[in-house]
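The values are calculated or read from the model by the stated rules, or taken from the named source; none is laboratory data. It should be emphasised that the depicted structure is a prediction, and the values quoted were computed from it without experimental measurement. Quick reminder, even Gly has a Cβ in these numbers, built from the backbone with ideal geometry, and neighbours come from all protein chains shown.
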Amino acid sequence: MTVVPIIKRDHICKLAEQGKRVDGRNFGEYRKIEIETGVVSKAEGSARVKIGNTQVMAGIKMDVGEPYSDSPDSGVMTTAAELIPLASPDFESGPPRANAIELARVVDRGVRESEVIELDKLCIEPGEKVWIVFIDLHILDYDGNLFDAASLAALAALSTAKVPAKRFELGDDYPLPLKEPPISCTSVKFNNVVAIDPSLDEEEIADARLTVATDTNGDIRAMQKGLNGSFTREEIQKVIKASIDNGREIRKQLYENIGK
Amino acid sequence: MTVVPIIKRDHICKLAEQGKRVDGRNFGEYRKIEIETGVVSKAEGSARVKIGNTQVMAGIKMDVGEPYSDSPDSGVMTTAAELIPLASPDFESGPPRANAIELARVVDRGVRESEVIELDKLCIEPGEKVWIVFIDLHILDYDGNLFDAASLAALAALSTAKVPAKRFELGDDYPLPLKEPPISCTSVKFNNVVAIDPSLDEEEIADARLTVATDTNGDIRAMQKGLNGSFTREEIQKVIKASIDNGREIRKQLYENIGK
Amino acid sequence: MTVVPIIKRDHICKLAEQGKRVDGRNFGEYRKIEIETGVVSKAEGSARVKIGNTQVMAGIKMDVGEPYSDSPDSGVMTTAAELIPLASPDFESGPPRANAIELARVVDRGVRESEVIELDKLCIEPGEKVWIVFIDLHILDYDGNLFDAASLAALAALSTAKVPAKRFELGDDYPLPLKEPPISCTSVKFNNVVAIDPSLDEEEIADARLTVATDTNGDIRAMQKGLNGSFTREEIQKVIKASIDNGREIRKQLYENIGK
Amino acid sequence: MKSDIELIDSNGKRLDGRGPEDLRPIKIEAGVLHRADGSCYLEWGGNKVLVAVYGPREAIPRHSQNPLRAIVNAKYNMAAFSVEDRKRPGPDRRSREISKVISEALEKVILTEQFPRAAIDVNIEVLDAEAGTRCAGLTAAGVALADAGIPMTDIPVSCAAGKIDGHVVADLGKEEDNFGDADLPVAISPRTDEVILLQMDGHLTLDEFNKAFDLAVNGCHVVSEIQKKAILDKYQSASEAE
Amino acid sequence: MKSDIELIDSNGKRLDGRGPEDLRPIKIEAGVLHRADGSCYLEWGGNKVLVAVYGPREAIPRHSQNPLRAIVNAKYNMAAFSVEDRKRPGPDRRSREISKVISEALEKVILTEQFPRAAIDVNIEVLDAEAGTRCAGLTAAGVALADAGIPMTDIPVSCAAGKIDGHVVADLGKEEDNFGDADLPVAISPRTDEVILLQMDGHLTLDEFNKAFDLAVNGCHVVSEIQKKAILDKYQSASEAE
Amino acid sequence: MKSDIELIDSNGKRLDGRGPEDLRPIKIEAGVLHRADGSCYLEWGGNKVLVAVYGPREAIPRHSQNPLRAIVNAKYNMAAFSVEDRKRPGPDRRSREISKVISEALEKVILTEQFPRAAIDVNIEVLDAEAGTRCAGLTAAGVALADAGIPMTDIPVSCAAGKIDGHVVADLGKEEDNFGDADLPVAISPRTDEVILLQMDGHLTLDEFNKAFDLAVNGCHVVSEIQKKAILDKYQSASEAE
């Protein structure tokens, strides 16, 4: 367990009291976001997303398999995240730890609960054969805010994915049927300020984290609080507001990128 | 590896030389036994058994599955024990250790070898579909003598279990078909005395342990010796005798409890 | 991580400079090889091979199962090696480590890539049922050169294996269909000499290891370099030459032994 | 997942007869286990949860120790027989996520800096499950920690709210959880209303969120009173026994 | 499991021609491995077992050490090819239970207090299996421990008895184990007849148990002589070699 | 596995138009990651590989430390989406073998004795796979190690050769790997031509082996130039940025 140097914490907090962030951003401002799709030829869909120095790759693979017995007419989706040791000196190889599991589950719920993938259109033979969609997330470079980078990479990869019908002799390939996705925005709280899109330095000293996914209407589609601090009602309101505002901008950039 | 304090050992042994046990019992006497059934609504059958402060919960779940190829007309049973860290400061979470495995296997053999569950009556379609009976043991509070508490909890849970035929659209629910169960009684040896139903203190200083399961006829249906000490032929005879006697009493209490 | 005593290294190297090996052999000479087949009654085929003090047992088991979807007309083979703690004070029980995995994979490739087992003759029903061949290697005594001992044990066990057709009610048992196997010979390099069939002492101080499998024509069928040293082109040539020569002798001994 | 079940009728009555703001029946008992340093048994609707606290004690292995404070290890575990279809024993991804968010929530109220290098283990065992087990588990953990005498700034408490058939209601039951529109589990420190756990799945407008959030916080305060009574009962029966 | 096979005929002869008290043929060889500190190869009927002993040596990891005595780690392992249907490599629940009861039995005779913080590893490898492998394994372990020079109060030895077709007999063979009524493996310290391993599955009246127990103990004494001869042979060939 | 595909035509042209000695297109970029101490992104034909180097740093756990030198942990990992049929995440037997042979090859060139008790972690991530990933991974690892400033006697480099339709050629492509006769991956220290990795599967006469070996070594030298240029580019852009 690393003890974050007191000096770094003091520095970041002192800046915060002056209304400043370490990298000069406003508290409601994201780092530069870059989205690149179609980066892996073997995948049905893929994307590399950078938020500042943080870099996540998502790949979509599809297979034909059996549906769950309680939803015989629906395709199946599954999400896995690997915090591979490539991305950080602190990540170890081995079975996924709590952090990787939380990341995968939050991205998974963001896609699943909002029914981004139209699973009911992925049935091949009711009760027998459906499409299975695998979302695999590889964290390549970790400089904070994995949740947003991973969610966005998953959405960008899904948005450009083709159902590989030809490979399975099921007709021509066609785009994966999708609904409008909610966009996840994460804020952290430290020294009683709330800052969106935390860098690694900020994450390490943060008391609490809150991720809010919002849709085109500004409705809330998912939330996840983390870390061992707390939020007041007012702070939650503030985080939601910032998530709606930034979510709108990020959605615009995603749509431009995938030509929508 | 804990070294049991010498002082505690000396105290228990000194008492034993005077013919006494720490908690005032006779060497052939059980602590108070409490049996409560039907404690979990989701289970097909369930029971919570207390022997003194030791507390074990057993739950029965059933499913429909394939028979083993060498017994196509028989249902299947399986027993798992979790020494969950709830029950003792010394239990760790993680895959089951040798103690939990021995416990599960001894309880399993007690039920299986005596054919308590009439598995031949649990065939739905020969070679295709049979009932699978899962016995799951959760140790809730560990103050010695898990074998007897777990066995008794398993038997009480089985005795009140219903085959969930309705849930699987296989007709009406009906009681799980059972034969008369053998009752397990465990004794330990320390300082050359033999004491039945050991408390945790006694278990920790014991040289050897012997579990004997007996049926209504006083016949022996299973035995398991444990720990790194030994028994003489005479001591074994003594343990068997005490097991038959106490087994009769415990069976009576079980039958009263399950209304038989 | 054991640091091999400097003294032993110096001794072996000094001898090498005088053109000698610790156990008096020439650099191109094997220790005594013993092959015993049919040593396990439950196995379809079995062999115990000794090279000096090194001792490996191989057992062949067969089962009926499904073919791989990309080769529906072929049987399936799989190789597992257990470096059981019986064989060396340094082997630990638990899941196979890198050394055991490399050993199993090198033996597996030696058999698979040279198509020693005629898998296309092990089809029972195309796409449905084929024979599965399990090669299990148990290292019993480890005094160096496991690769050659394990390969030879696998080949000897395969050579005497019977397809257990009767047990599966598929007609009479018949010999497992095999082609001429390549023979693996391993050399190591230390102190700039190249020595074949390293003893454990030599392996522990070796810089680099090279295994070469050759067939009856003297063609190369597999190679595997190991350890953190290097070979020059000339050294590789020398190793190949020695592998062809010794391979011829070992094949002769194998054939005599299995009565071919 | 949608269904034809009408989850709330025209009079605002829910399937089990509750009004929108009503919680399911709750029963809490402190100090129910012999070995544990602190324990709690809780029934909440059809949920049955048992919690045992061990610690503070030296954290093992040593490299897991924090030299500045105690670590809090909540372990949420569902018994194999606690659900309709038997659950494979051992932790799955869901239970590991819940363990993580509960651990983080409890760390906020426990005075961990009083016990550097120590571990406080909070074992949460779900014996019977019927919607809302994480709220039930965290609530029972709060009582078990108090029973163990662990110093805390407050007794943490949890309650969910959600949306069913377009109505915002407190404490979703089984069918409401399965066929409802949104679920919002919340845990707070009740003296300050600080939010220590917050998750949401589903679809809520901002207004609905605010309404649901307030219902959940109100629910927390209702449950908090039951917690305090359980702890008091334990101390009274303990002092009577003396 | 019952079958139509008649396991014992009217003359008291068993399937392989043995009388009720006869053991299957046994062959024991000590000191068969180069690397091990002590070793033994044993054939008992169709069973083939190899045992290697390492130690006493420092127990690893350190937290497994007992400051007062050596720990004894018996590891019973069946080769994948030792049984009719291939066994998946690695320990299963059965082999872990057998490892535990054999470790406990060996601890009784080994003078473990002479080697605090040490481990004595007893690796039991079943190469060919045919009823009674735990007795064969423990018996071979006794010889391998002696071969390793581990100080013991006695050389432990094991033999089973059981019931087939209503008759009590010694040392069940394969079909007798599969279709018999009861199996009673016993291990003793032969100098004192103290029982260090005892398990029973099946159905025995008290009288039958007593009879079976005595048969098993007698069997142990028969095997004990073969053990002693194997150890003697090893020492003689070793001293001849000098 | 044989097929009807003609892998090389009568003019000696291969499926993708290459001649026997030609390599697929290669692109190498050094220093592409922020967190890593050294990194490299490499495209080689259809392969895409990313390597991150961490260290030298204290080896953990302590018992893995070598008091005389650093240990080199190469970890070769294929992304689940890098192959036609999704690969289960996590190491399998193939990747663990490749990790081992690459670790051993890198240890030869790294001056490990300068960093006793340390670990140098070389994480090789295959993002897109198309024949020859181990050569691509080792080659990228060489650049990433140089980028991390790890002292080495040389920058290791790798290239394969093989046999297709009876012809010896360099750097097998996808179909050539699937339907060819032999594959021979080689890695060298290019300043001395010492061979640090060598594996072969298939069937080669001694003459064919020699020819293939020389082609592979020549290929290594071609790739080595591209490596050096990538490292130079990185230093130049770094110094320009100052």
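A compact table of results
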{"item": "Some residue of the range D:58-67 being among the charged types (D, E, K, R) and under 14 Å from the mean Cα position of the chain (by Cα)", "result": "no"}
{"item": "Residue in the range A:61-80 that is farther than 30 Å from A:LEU170 by Cβ and of a type in the set (D, E, K, R) present", "result": "no"}
{"item": "Positions within the range D:230-242 being surrounded by 13 or more Cβ atoms within 10 Å (Cβ to Cβ) and touching a residue at least 40 places away in the same chain (Cβ under 8 Å), in sequence order", "result": "D:ALA230, D:ILE231, D:ASP233, D:LYS234"}
{"item": "Count of the range E:166-206 residues which are farther than 17 Å from E:GLU21 by Cβ, surrounded by fewer than 22 Cβ atoms within 10 Å (Cβ to Cβ) and out of contact with any Asp or Glu (no Cβ under 8 Å at 6 or more places or on another chain)", "result": "5"}
{"item": "Out of F:GLU208, F:GLU175, F:GLU240, sole residue that is touching a Leu at 6+ places or on another chain (Cβ under 8 Å), farther than 17 Å from C:THR232 by Cβ, part of a helix (DSSP H, G or I) and among the charged types (D, E, K, R)", "result": "F:GLU175"}
{"item": "Count - residues of the range D:189-242 that are at pLDDT 95 or above, acidic (Asp, Glu) and farther than 18 Å from D:ALA141 by Cβ", "result": "4"}
{"item": "Pair list, Cβ < 8 Å and 6+ apart or interchain, from the range E:57-84 residues that are of a type in the set (Lys, Arg) to residues that are surrounded by fewer than 24 Cβ atoms within 10 Å (Cβ to Cβ) and assigned to a loop (DSSP other than H, G, I, E, B)", "result": "E:ARG57/C:PRO89; E:ARG69/E:PHE115; E:ARG69/E:PRO116; E:LYS75/C:PRO85; E:LYS75/C:SER93; E:LYS75/E:PRO91"}
{"item": "Residue pairs meeting the criteria (Cβ under 6 Å; at least 6 apart or on separate chains; first within 15 Å of E:VAL195 (Cβ to Cβ), in the range B:195-213; second basic (Lys, Arg) and in a strand (DSSP E or B))", "result": "B:ASP207/B:LYS189; B:ALA208/B:LYS189; B:LEU210/B:LYS225"}
{"item": "Flag if A:GLU113 is surrounded by fewer than 23 Cβ atoms within 10 Å (Cβ to Cβ), within 13 Å of another protein chain (Cβ to nearest Cβ) and in contact with a strand residue (DSSP E or B) (Cβ under 6 Å, 6 or more places away or on another chain)", "result": "yes"}
{"item": "Positions within the range C:74-116 being of a type in the set (Lys, Arg) and outside any helix (DSSP H, G or I), in sequence order", "result": "C:ARG97"}
{"item": "Search result, residues across the range D:142-172 that are over 16 Å from the mean Cα position of the chain (by Cα), modelled with pLDDT of 95 or more and part of a loop (DSSP other than H, G, I, E, B)", "result": "D:ALA148, D:GLY149, D:ILE150, D:PRO151, D:THR153"}
{"item": "Criterion violated by B:ALA213 - all others in (1) assigned to a strand (DSSP E or B); (2) in contact with a Gly (Cβ under 7 Å, 6 or more places away or on another chain); (3) surrounded by fewer than 24 Cβ atoms within 10 Å (Cβ to Cβ) satisfied", "result": "(3)"}
{"item": "Any hit, the range C:117-132, residues being in a strand (DSSP E or B) and closer than 27 Å to E:ASN123 by Cα", "result": "no"}
{"item": "Flag if F:ILE226 is hydrophobic (A, V, I, L, M, F, W, C), within 15 Å of the chain's Cα centre (by Cα) and in a helix (DSSP H, G or I)", "result": "yes"}
{"item": "Among the candidates E:ARG117, E:ARG93, E:ARG134, residue that is of a type in the set (Lys, Arg), surrounded by fewer than 23 Cβ atoms within 10 Å (Cβ to Cβ), out of contact with any Cys (no Cβ under 8 Å at 6 or more places or on another chain) and more than 10 Å from every other protein chain (Cβ to nearest Cβ)", "result": "E:ARG117"}
{"item": "Qualifying position, being out of contact with any helix residue (DSSP H, G or I) (no Cβ under 6 Å at 6 or more places or on another chain) and not hydroxyl-bearing (Ser, Thr, Tyr), among C:ILE60, C:ILE132, C:ILE51, C:ILE101", "result": "C:ILE132"}
{"item": "Residue within the range B:8-25 that is of a type in the set (Asp, Glu), loosely packed, with under 14 Cβ neighbours inside 10 Å and in contact with a Pro (Cβ under 9 Å, 6 or more places away or on another chain) present", "result": "no"}
{"item": "Selection count, the range A:45-86, where residues are at the interface with another protein chain (Cβ under 8 Å from one of its Cβ atoms) and among the charged types (D, E, K, R)", "result": "3"}
{"item": "Residues being surrounded by 15 or more Cβ atoms within 10 Å (Cβ to Cβ), closer than 23 Å to A:ARG105 by Cα and among the polar types (S, T, N, Q) - total across the range A:216-260", "result": "5"}
{"item": "Candidates F:LEU7, F:LEU68 - the one that is over 29 Å from A:MET62 (Cβ atoms) and in contact with a Gly (Cβ under 8 Å, 6 or more places away or on another chain)", "result": "F:LEU7"}
{"item": "Test: residue in the range C:50-67 that is on the phi > 0 side of the Ramachandran plot and touching a Gly at 6+ places or on another chain (Cβ under 8 Å)", "result": "yes"}
{"item": "Condition broken by A:ARG97, with the remaining ones in (1) within 8 Å of another protein chain (Cβ to nearest Cβ); (2) surrounded by fewer than 18 Cβ atoms within 10 Å (Cβ to Cβ) satisfied", "result": "(1)"}
{"item": "The range F:49-73 - residue that is touching a Leu at 6+ places or on another chain (Cβ under 6 Å) and more than 7 Å from chain A (Cβ to nearest Cβ) and, of those, nearest to F:GLY31 (Cα to Cα)", "result": "F:VAL53"}
{"item": "Hits in the range C:205-240 (condition: more than 20 Å from the chain's Cα centre (by Cα), more than 9 Å from every other protein chain (Cβ to nearest Cβ) and of a type in the set (Val, Ile, Thr))", "result": "C:ILE205"}
{"item": "Selection count, the range B:15-62, where residues are closer than 29 Å to D:ALA131 by Cα and in a strand (DSSP E or B)", "result": "17"}
{"item": "In the range F:65-90, residue surrounded by the fewest Cβ atoms within 10 Å (Cβ to Cβ) [restricted to those that are polar (S, T, N, Q) and part of a loop (DSSP other than H, G, I, E, B)]", "result": "F:GLN65"}
{"item": "Yes/no for D:GLU113 being farther than 28 Å from D:LEU184 by Cβ, among the acidic types (Asp, Glu) and outside any strand (DSSP E or B)", "result": "yes"}
{"item": "So D:VAL186, is it modelled with pLDDT of 95 or more, under 21 Å from D:GLU97 (Cβ atoms) and in contact with a Cys (Cβ under 6 Å, 6 or more places away or on another chain)", "result": "no"}
{"item": "Lone unmet requirement of (1) closer than 24 Å to B:ASP90 by Cβ; (2) out of contact with any Leu (no Cβ under 7 Å at 6 or more places or on another chain) for B:PHE147", "result": "(2)"}
